[in-house]
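Structure first, commentary second.
The numbers here are math on the coordinates, done by the rules we state, and not lab data. For clarity, every value in this text was computed on a predicted model and none was experimentally measured. Quick reminder, even Gly has a Cβ in these numbers, built from the backbone with ideal geometry, and neighbours come from all protein chains shown.
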Amino acid sequence: MWGCGILGRVVRDALNLFLGLFVFLGVEAICISDGRGKMYTEELRMPTKGMVGIAIGFLAPVLILLVLQVILPLPLIGRIAIGAAMLIEIVVCVVLLRVLSRFVITIDSDPLRIGRARYRLHRIVTCCPTRWAGWGTTYRAMGMRHHPYPGEQNAVWLTLTDKAQVLFTTHHPDAVCDALQAHRPQIERREP
C-alpha cells in the first residue's frame, strides 16, 4: 500500500515505466490503489483484434504496392517514390498503433489524467459508471450530448461544469468514481 505523497508518486512512476513489459504476459489492465481511494492508476490496452484491424487497414495498401512494383516495369524514380510512400504508410501505422493502443488513467492529485487529456477535479460535476461499445475516450463540448449505446466495455461517464461530457473506457468504473469522490466529495455519483 502506498501513500499519495512523493514516495507513492515515485513508485507509481517506476511501475508505469515497466508496465510495457506486461504486454508480453497478456495483461490487459493494471490497477494500483492505496486502499483508501486516494491514488488510482490503470493502464488499458486495446484488444488484439482492434490492433490487427488497424494494422491490416494500413498494411494492405503496402502489400498491393509491393506486388505492383514486382509485376510492373517501373523506372527507378517511380520505384523510389512508391517505396517512400510505402515507408510513410508503415511509419504512420506504427505511430498510430503506439499512440492509440493504450492509455493510462491516473487520479492522484488535482488533474484527472486520461491518456494525454487532463481534467481539473473542480470541473467534474457527476461520475456515472456505465457500459459502452467503444474504446478509449471521447469528449463532447457544451451543447453536444453523448448517446452511448450499451456494449461490452465498462466505462465512466463524466459531466463537467460547462455541461461538456467525457466518456472513457476502464475495467474498474466503480473504483474510478470512488477515487474521484475521495479527492473531491462534491462530485455526485449517478447510476446508469
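Spacing of the modelled spin labels on PHE58 and VAL104, each 7 Å from Cα toward Cβ, amounts to 2.2 nm. Each of GLU188 and GLU89 was given a label point 7 Å from its Cα along the Cα-to-Cβ line. The distance between the two points is 5.2 nm.
Tally Lys/Arg at +1 and Asp/Glu at -1 over every other residue whose Cβ is under 14 Å from the Cβ of LEU66; what's the total? That sum, taken over residues with Cβ under 14 Å, equals 0.
Take every Cα pair under 8 Å whose residues are at least 6 apart in sequence, average their separation, divide by the length of segment 39-188, and the relative contact order is 22 percent. Summing +1 for each Lys or Arg and -1 for each Asp or Glu among the other residues whose beta-carbon sits under 12 angstrom from that of PHE103 gives +3.
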